[in-house]
1. If the requirement is being in contact (Cβ under 8 Å) with a residue 12 or more places away in the chain and touching a Leu at 6+ places or on another chain (Cβ under 8 Å), which of these qualifies: PRO74, PRO66?
2. Tell me which residues, restricted to segment 17-43, are away from ligand 2 (no atom under 16 Å from the Cβ), without any contact (Cβ under 8 Å) to a residue 60 or more places away in the chain and open to solvent by 40 Å² or more (accessible area, probe 1.4 Å).
3. Go through segment 86-115 residue by residue and tally those that are open to solvent by 80 Å² or more (accessible area, probe 1.4 Å), in a helix (DSSP H, G or I) and of a type in the set (A, V, I, L, M).
4. May I ask you to list the residues in segment 1-24 that are more than 16 Å from ligand 1 (Cβ to nearest atom), of a type in the set (D, E, K, R) and not in a strand (DSSP E or B)?
5. With the requirement that a residue be within 14 Å of ligand 2 (Cβ to nearest atom) and more than 14 Å from TYR12 (Cα to Cα), what does segment 81-100 give you?
6. Identify the single condition in (1) surrounded by 12 or more Cβ atoms within 10 Å (Cβ to Cβ); (2) out of contact with any His (no Cβ under 9 Å at 6 or more places or on another chain) that GLY46 does not satisfy, given that it satisfies every other one.
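The values are calculated or read from the model by the stated rules, or taken from the named source; none is laboratory data. A quick note: this is a predicted structure, and the numbers were derived from the prediction, not measured. Positions of Cβ are generated from backbone atoms using ideal geometry, with glycine treated the same way; all protein chains shown enter the neighbour counts. With ligands, DNA and RNA removed, areas are computed over all heavy atoms of the protein, side chains included. Shrake-Rupley method; radii C 1.70, N 1.55, O 1.52, S 1.80 Å.
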Amino acid sequence: MTGGCQCGRVRYEAEVEGDDAYFCHCRMCQKATGGFAAAFVQTEPGTLHWLSEPDWYQSSPIARRPFCSACGTPLGFHFADGGGKPDVTFGSLDEPSGFHPVVHAGAESLHEAFLDTRNLPRMSSSTTESVAKRWKAIGREVPD
Ligand SMILES: [Zn+2]
Ligand SMILES: [Zn+2]
């Protein structure tokens, strides 16, 4: 798999087995990603290679988190001792669509109201007036 940050400064490649992803709902992951949870994919040990080096934040005595200081994209979670399977953030993958979440980690901080959202109305960027009119005003199509 390949992936990287929003601005393209940080890029990585890694081997992933299967199509498992998972959520971590712990408060540190909520803070680190700004989301209701972090979504991660585990990489096989020794296979994650940074094609350009990320920045690192030591979020606790046991964890380091790669990110891009230019655009702010959270890129993963690594144990500080270098063990385990390094995580990359689901959204930073170039092709995230084939993965399926298999577990809720950090469930002590899980926000129940954000789990079952399948019946909410769905709006595309291209039909969301506040977004679409601004793209149109600069003569561009709404990006995917
Ligand atoms: Zn970036
Ligand atoms: Zn977490």
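1. The match here is PRO66.
2. Residues satisfying the conditions are GLU17, GLY18.
3. Within segment 86-115, residues that are open to solvent by 80 Å² or more (accessible area, probe 1.4 Å), in a helix (DSSP H, G or I) and of a type in the set (A, V, I, L, M) number 1.
4. GLU15, GLU17, ASP19 - these are the residues of segment 1-24 that are more than 16 Å from ligand 1 (Cβ to nearest atom), of a type in the set (D, E, K, R) and not in a strand (DSSP E or B).
5. Hit for segment 81-100 is GLY84, nothing else.
6. (1)
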